[in-house]
Amino acid sequence: MLITILQILAGILLLFLLVALLVKKDFSLEKQVIINRPAGEIYDYIKLIRNQEKYSVWVMKDPHIKIVYTGTDGTVGFRSAWESQDKNVGIGEQEIIHVKEGESMEVEIRFKKPFEATNRAVTSVTGISETQSRVNSRFYGRSKFPMNIMNLFMDKLVGKDMQQNLENIKKNLEQ
């Protein structure tokens, strides 16, 4: 009986590893929302990392989160480091690595706990009219084998929260 159980577990592990071999290591996930505000006004709001305290579901999950800001918010080199006892929030930091004034901002996100990973996120704003704009959020990176199997579930794991962040921005700016 024990040998049968071990054989089944070995088979499951082998299947897991085979699937991971076939899954791409790179991932990219995009979400968007239309906000009834001028593009410049939206950009001025999203470029400030400190405003994430008002819309990021990850920051808002832990009311006791500790955040340390370094540098000038909204500019290249600005860093936000967080530490949380909530395993869904964990420990990490993000740094603004590219700014295209009035259009987009890119951050590098370095997760330390509950897992280590380095990914990037780009948030961009495109005017549709004088009073309406599209905000696009893209999260992308590369997963190491065998954790790249999680790329199959990236939309379910992260996509819902990304969309909620955009909806929170919309709600905050349209009030």
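Read-outs throughout are calculated quantities, based only on the coordinates presented, and are distinct from any laboratory measurement. Note that the structure is predicted; figures quoted are calculated from it, not measured. Backbone-built Cβ (ideal geometry, glycine too); neighbour counts: all protein chains shown.
Considering only THR4, GLN163, LEU14, and ranking their Cα positions along the charge dipole of the chain that arises from unit charges at the beta-carbon of Lys, Arg, Asp and Glu, the one farthest toward the positive end is THR4. With angles folded into 0 to 90 degrees, how steeply does helix 160-174 sit against the dominant principal axis of the chain? Use alpha carbons for both and round to 10. The helix 160-174 is inclined about 10 degrees to the chain. Sum up the charges of everything whose Cβ sits under 12 Å from the Cβ of MET105, counting Lys and Arg as +1 and Asp and Glu as -1, but leave MET105 out. Spelling it out: positives minus negatives among the neighbours equals -3. Taking the Cα atoms only, what angle lies between the long axis of helix 2-22 and the longest principal axis of the chain, rounded to 10 degrees? It is inclined by approximately 40 degrees. Which one, (1) 0.94; (2) 1.22; (3) 1.11, gives Cα Rg over 2.2 N^0.38 Å as derived from the coordinates shown? The listed entry that was calculated here is (2).
Based on the mean of other beta carbon atoms within 10 Å per residue, what is the order of 3-11, 29-37, most packed first?
Descending mean neighbour count gives 29-37, 3-11.
Around GLY74, what is the net charge, scoring Lys/Arg as +1 and Asp/Glu as -1 over all other residues with Cβ under 10 Å from its Cβ? Computed value for this residue: -1.
Once the Kirkwood radius over Cα pairs is known for the range 12-64, the Stokes-Einstein relation at 20 °C and 1.002 mPa s delivers a diffusion coefficient of 141 µm²/s.
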